[in-house]
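Asker: First the structure, which I've put down as structure tokens, then a few questions once you've had a look.
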Amino acid sequence: MIGLAGRFPGADDASAFWDLLARGRSGVTPVSPNPRSNLPDQPNYVGKAAVVKDADYFDAQFFGIYPKQAIDMDPQHRLFLEICWQAMEDAGYVPDAAPGRVGVFAGCHMNTYIFTRLAADAELRAALADSFPGGSLTAEISNDKDYIATRVAYQLNLRGPSVNVQSACSTSLVAIAQACENLSSGACDMALAGGATVTFPQQQGYLHTEDSILSPDGTCRTFDAQACGTIFGDGVGAVVLKRLDDAVADCDAIYAVLRGWGVSNDGHDKRGYTAPSVSGQASAIRRAHQRAGITADSISYIEAHGTGTLVGDPIEIEALTQAFRETTDKTQFCRIGSLKTNVGHLDVAAGVSGVIKTALALQHRQLPPVLNFDSPNPKIDFASSPFIVNTELTDWDDSHAPRRAGVSAFGVGGTNAHVVLEQAPALAATASQRPFHLIRLSARSTAALDEMSEDLARHFDDHPQLDLADACYTLQTGRKTFRHKRIVVAADLSEAAAALRSRGPQQAITADCRASQTPVTLLFPGQGSQHLQMAQQLYQSEPVVRQHIDACATALLPHLDLDLRDLVYPDAADDAADAQRLHQTEIAQPALFMVSYALGRWWQSLGVTPGRLIGHSVGEFAAAAIAGVMSMSDAARLVALRGRLMQSLPSGSMLAVQLPESQLLEMLPDALEIAAVNGPAFCVVSGETEAVDAFAGQLESHSQEEPIACRKLHTSHAFHSRMMDAAIAPFEQHVRGVSLQPPTIPIVSSVTGQTMPDATATDPTYWARQIREPVRFSAALTNILDASSDNMVLLEVGPNQALSTLARQHDLDPPRQQIISSLPHAKQTVSDAKFALTSLGQLWQAGVVTDAQSIYSDERRLRLHLPTYRFQRQRYSFETELQDRREQAAAEETAAEETTLTESTPPPAVQNSPAQARRCSTITQQVIEQQMQLMQQQIQLLKPSPKPR
């Protein structure tokens, strides 16, 4: 059992359910008399109820169900659908994208919602009288028991067997047994099993009759001498099951192991159809023990069916004792309890509720107390039996580990079910070496997202022993992505909780994006972005980054006579000599290639599949290596040679000028050339230093009112000018010795500004001329922007933010077109590991498909039971719909009356007056209310029918 969820009387979720049980509280509450019902006037009326809070509320929008459909649908179907979603999330799996075949085995109680509606809704009665395929089919699908399992399979996109199970009070436990059978046979790989009981009208007491199963005072006293019946309650529960070997292999969080299960029927070995049978119950228990391969003395707790009747309880203890005595003679070694003393008899949902209680007890290593027990039923000889009633919260002794328990559920008609649960095996994760972790949350609305953020923060506060890496892994792999998204990058649980609560734009970044497959263009920067310690934290914490930096450094070693890792990651971060050497062209270009290439491969390992690549100058070699034009080792060797050739040429200078290319050409002296066009109004000129200085002075004095902004770049040479001509021929000779292949990812050339044809990518002349030709980054970027009619992301893959800055100078359409950097600016003090994870989160927020599991592929991470989705429920009830209709009819009547007053009025004998119409309406309403009261009484009479089980 790897996941569970439920809603119970007095408990809106499994955590609250455990709290109620452990504290020994009751979910049975007094109810106020319904003024429209005469039930409270009856002398045998019991004003107690055990109901699920807001049972007619539902998040229809979440499941894409129209409001009218939601109103028509049995609330049992609605609640079970929500619970199944939460159970799958609790297991750590995306409900509608779970791997393998997922089965559904479920049942529900008789539909009382439609009965109460039929009494009041004439339109529905008419619809049910229609012929197929009219309204009657729609109403049937929305309300019949047969469709509860298949609706879950449809809404959650589950492909395994989807089977409706009905065996009265044992339904949900039989469903669990059926799920186990199907898992064992291989019919499915995962299974949802459970059931729902929700009755209407809500918040209403019941009529007690003599010799019925119903308690005369609304109190269930299981095993007690004063036991005189139970109280029926509402509940919904589901569990997620998986084969144990698969769960261990997948590092699932296991609540409990179902060691064995048994299902039987009494036949006619009993007093009557509704009576229990010792032999039938004992048979199911024996089968469960035999399948589990255990002896009864290894079981230390029994969650009994325990209806609290003078007849049923003794029979159940006798059957349990009979089954236990086949393998043990020990007495009073096994504690016994029943949740019916807390929440009443949940009918169809009783079995799964008992399993959930027992699984939580195994997890918490405590046994909750039985309520309302003072002295044992005189017909039960506990002293000679294996059992002792557990009357207080008890630590579950592990002296006979593993802890084991049995859970029983017996149905009217004789179908008995019993399962044996065992404590989960211990699973261990590996210690994470990552200094920061990415939390991802998403929801269909900001309200749900805020509630989920608070839930998670509270969970972190309440469970300080959690591993943040496991929590992040679970959220990344086990939650569906919705439109509203929030990310937090934190080092520990307390930092994560504080950020989730703050919801500040710096601590918790929130985005709204409908896109789900946003294309990505990778931008590889040119010389000038390199700096000491670039990507150092990623090198230390991310194996993929480390692998490729190590490989590049090794490939470059014979061409540099230097291990770049020693230079880029010196012991002293402020080593001025290392910094100066890193800025030399022959070192700068290989170092930049090493880091950019490693980052590119890291992004790919995370599932980021680029649609295009752009490389700025030397950055184009990293792009070529990523696209498979040349191997990494060949690209590294060429970059090292390129840098050495350029370093050997006469020195020169470069000047950034804030002018469009056309204007710059008009005033550019012959001694200088345009080396780069980086933006619509941002160029770089290149040439001899004296000419560059003179031109800079000319620009600054061009106009006293509007001087032309320019800035001299920190370069040693005049790149991409005629001063590079001497390097072209020797470099081309080396390129001819390299195997060049067509790119597997389109490269937009920074020389032509167009997508690089295969013939160009495999032409050594292109790679040689690339040294000399101006960099047309702006044209290349504009080409991509113009070709994109939808969302896109520009991701800079380098150690700085130079290209991100240049890209923002273009005509972008945020948030449709977003720019994200891999690493912070060299002058920023933020951790590069934290920055990179934030960028990963922003890619996800922008709709980029990533592989959530890959970030922890080198670690053994466990799925955790974390807070699930916060449904934004609204009331969907026929009562509200009926009221709307009445109000609309009243408005139409008023409008018609006003219209009549302004027109010729027919003779009184022909048409009733408005007052007469209102009187008729009142009479009709009274008739409907009388029908409603009658139906409510009929429903109540259905409950106290003899159920001595």
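Asker: For an R0 of 45 angstrom, estimate the FRET efficiency from the Cβ-Cβ distance between HIS268 and LYS53 and round to the nearest 0.05.
Answerer: Once rounded, the FRET efficiency stands at 0.60.
Asker: When DSSP beta bridges are limited to those with both residues in the chain, what percentage is antiparallel, rounded to the nearest 5?
Answerer: 65
Asker: Rounding to the nearest 10 and keeping the result within 0 to 90°, find how far the Cα-based axis of helix 777-787 lies from the longest principal axis of the chain.
Answerer: It works out to around 40 degrees.
Asker: Still on this structure: Quickly work out the THR755-to-SER399 label distance, labels modelled 7 Å from Cα along the C-beta direction, and quote it in nm with one decimal.
Answerer: The answer from the label model is 7.6 nm.
Asker: ALA675's amide H: which non-local residues (gap 5+, or another chain) put their own amide H closer than 5 Å, with H modeled 1.01 Å from N in plane and none for Pro or chain starts?
Answerer: VAL684, VAL685, SER686
Asker: What is the list of residues in the range 707-722 whose amide nitrogen lies under 19 Å from a point 7 angstrom out from the Cα of ASP670, following Cα to Cβ?
Answerer: The answer is 721-722.
Asker: Suppose each label sits 7 Å from its Cα in the direction of the beta carbon; what would the ASP245-LEU466 distance come out to in nanometres?
Answerer: Result for the modelled spin labels: 3.3 nm.
Asker: How big is the dipole moment of the range 3-423 about its Cα centre under a simple scheme where the beta carbon of each Lys and Arg is +1, that of each Asp and Glu is -1, and everything else is neutral? Debye, nearest 20, please.
Answerer: Once rounded to the nearest 20, the dipole reads 360 debye.
Asker: Follow-up. In whole Hz, what ³J(HN,Hα) sequence does the range 645-655 give by Karplus (6.51, -1.76, 1.60; θ = phi - 60°), x for Gly and Pro?
Answerer: So the J values, rounded to whole Hz, are 5, 5, 5, 7, 7, x, 5, x, 9, 9, 9.
Asker: Could I ask something else about it? Would you mind getting me the FRET efficiency between ARG769 and ASP492? Use the beta-carbon distance for r and R0 = 45 Å, nearest 0.05.
Answerer: Between ARG769 and ASP492 the formula returns 0.30.
Asker: From the square roots a ≥ b ≥ c of the eigenvalues of the alpha-carbon gyration tensor of the range 3-423, which class results: rounded (a/c under 1.5), prolate (a/b over b/c), or oblate?
Answerer: oblate
Asker: Report the antiparallel proportion of the DSSP beta bridges in the range 272-397 as a percent, rounded to a multiple of 5.
Answerer: The answer is about 25 percent antiparallel.
Asker: Moving on to the next point. At a Förster distance of 60 Å, what's the computed FRET efficiency of ALA826 paired with ALA426, Cβ-Cβ distance as r, to 0.05?
Answerer: Efficiency, from the Cβ-Cβ distance: 0.85.
Asker: Ordered by residue, what ³J(HN,Hα) values in Hz, to whole numbers, does the range 471-481 give under the Karplus form 6.51 cos²θ - 1.76 cosθ + 1.60, where θ = phi - 60° and Gly and Pro are x?
Answerer: Values per residue, Gly and Pro as x: 4, 5, 4, 5, 5, 6, 9, x, 9, 6, 8 Hz.
Asker: Could you work out the helix-only [θ] at 222 nm for the chain, with each DSSP H run of four or more residues adding -39,500 (n - 2.57) and the total divided by the number of residues, to the nearest 500 deg cm²/dmol?
Answerer: Computed ellipticity for the chain at 222 nm equals -12000 deg cm²/dmol.
Asker: Counting other C-beta atoms within 10 Å, and keeping those with at most 12, which DSSP coil trypsin sites (Lys or Arg not before Pro) do you find in the range 18-107? Working shown, then result.
Answerer: On the way: sites: ARG23, ARG25, ARG36, LYS48, LYS53, LYS68, ARG78, ARG101; in loops: ARG23, ARG25, ARG36, LYS53, ARG101.
Taking the range 18-107 and a limit of 12 other Cβ atoms within 10 Å, the loop trypsin sites (Lys or Arg not before Pro) found are ARG23, ARG36.
Asker: Can you give me the long-range amide H partners of SER821? Hydrogens built in the peptide plane at 1.01 Å from N, cutoff under 5 Å, separation of 5 or more residues or another chain.
Answerer: GLU796
Asker: Using unit Cβ charges (K, R positive; D, E negative) and no other charged atoms, how large, in debye to the nearest 20, is the dipole of the chain about its Cα centre?
Answerer: Dipole size: approximately 1860 debye.
Asker: Here's something else I'd like to know. Under a Cβ-Cβ cut-off of 15 Å, what is the net charge of the residues other than ALA55 that fall near it, where Lys and Arg count +1 and Asp and Glu count -1?
Answerer: -4
Asker: Taking the chain as the reference, fit the longest principal axis to its C-alpha atoms, fit the long axis of helix 914-942 to the helix C-alpha atoms, and give the angle between the two in degrees, 0 to 90, nearest 10.
Answerer: The angle comes out near 80 degrees.
Asker: Over the range 259-416, calculate the relative contact order: mean separation of alpha carbon pairs under 8 Å at least 6 apart, over the residue count, as a percent.
Answerer: Reported relative contact order: 33 percent.
Asker: Let me ask something additional. For the chain, how big is Rg over Rh, using alpha carbon atoms and the Kirkwood form of Rh? It would help to have the intermediate numbers written out before the result.
Answerer: Details: Rg = 36.8 Å, Rh = 32.7 Å.
Here the Rg-to-Rh quotient is 1.12.
Asker: So which trypsin sites (Lys or Arg not before Pro) in the range 671-773 are both in a DSSP loop and have at most 14 other Cβ atoms within 10 Å of their Cβ?
Answerer: Loop-located and lightly packed - ARG736.
Asker: What number, in percent, do you get for the relative contact order of the chain if the mean sequence gap of Cα pairs under 8 Å and at least 6 apart is divided by its residue count?
Answerer: After rounding, I find 14 percent.
Asker: Near ALA16, within a Cβ-to-Cβ distance under 12 Å, what is the net charge of the other residues, with Lys and Arg +1 and Asp and Glu -1?
Answerer: Computed value for this residue: +1.
Asker: For the range 3-423, what is the percent of antiparallel DSSP beta bridges, rounded to the nearest 5?
Answerer: If we restrict to bridges inside the range 3-423, about 65 percent are antiparallel.
Asker: So if a site counts as exposed when it's one of the GluC sites (Glu not before Pro), its DSSP state isn't H, G, I, E or B, and it has at most 15 other Cβ atoms within 10 Å, what's the longest stretch of the chain without one?
Answerer: 393-704
Asker: Once phi is turned into θ = phi - 60°, what whole-Hz ³J(HN,Hα) does the Karplus curve with 6.51, -1.76 and 1.60 give for every residue of the range 315-320, x standing for Gly and Pro?
Answerer: Couplings: 5, 5, 5, 5, 5, 4 Hz.
Asker: So if each residue of separation counts as 0.36 nm, and I subtract the Cα-Cα distance between ASP96 and GLN533, what length gain in nm does that give?
Answerer: 153.0 nm
Asker: Mind listing the long-range amide H neighbours of ALA424? Cut-off is under 5 Å, sequence gap 5 or more, other chains count too, H placed in the peptide plane at 1.01 Å from N.
Answerer: Amide H neighbours of ALA424, under 5 Å, 5+ apart: VAL257.
Asker: In percent, how large is the relative contact order of the range 397-514, given Cα pairs closer than 8 Å and 6 or more residues apart?
Answerer: It comes to 25 percent, rounded to a whole number.
Asker: Put +1 on the Cβ of each Lys and Arg and -1 on the Cβ of each Asp and Glu in the range 3-423; which of ASN111, PRO161, GLY344 then has its Cα farthest toward the positive end of the dipole?
Answerer: PRO161
Asker: Which trypsin sites (Lys or Arg not before Pro) in the range 826-868 sit in a loop by DSSP (not H, G, I, E or B) and have at most 15 other Cβ atoms within 10 Å of their own Cβ?
Answerer: For trypsin sites (Lys or Arg not before Pro) across the range 826-868 that sit outside H, G, I, E and B with at most 15 neighbouring Cβ atoms in 10 Å, the list reads LYS827, ARG860.
Asker: Here's a follow-up. Tally Lys and Arg at +1 and Asp and Glu at -1 over the other residues with C-beta under 13 Å from the C-beta of THR394: what net charge comes out?
Answerer: -1
Any read-out appearing in this document is the output of simple, stated calculations on the displayed coordinates, not a laboratory observation. Just so you know, these numbers come straight off a predicted model, no measurement behind them. Cβ: placed from backbone, ideal geometry, glycine included. Neighbour counts: every protein chain shown.
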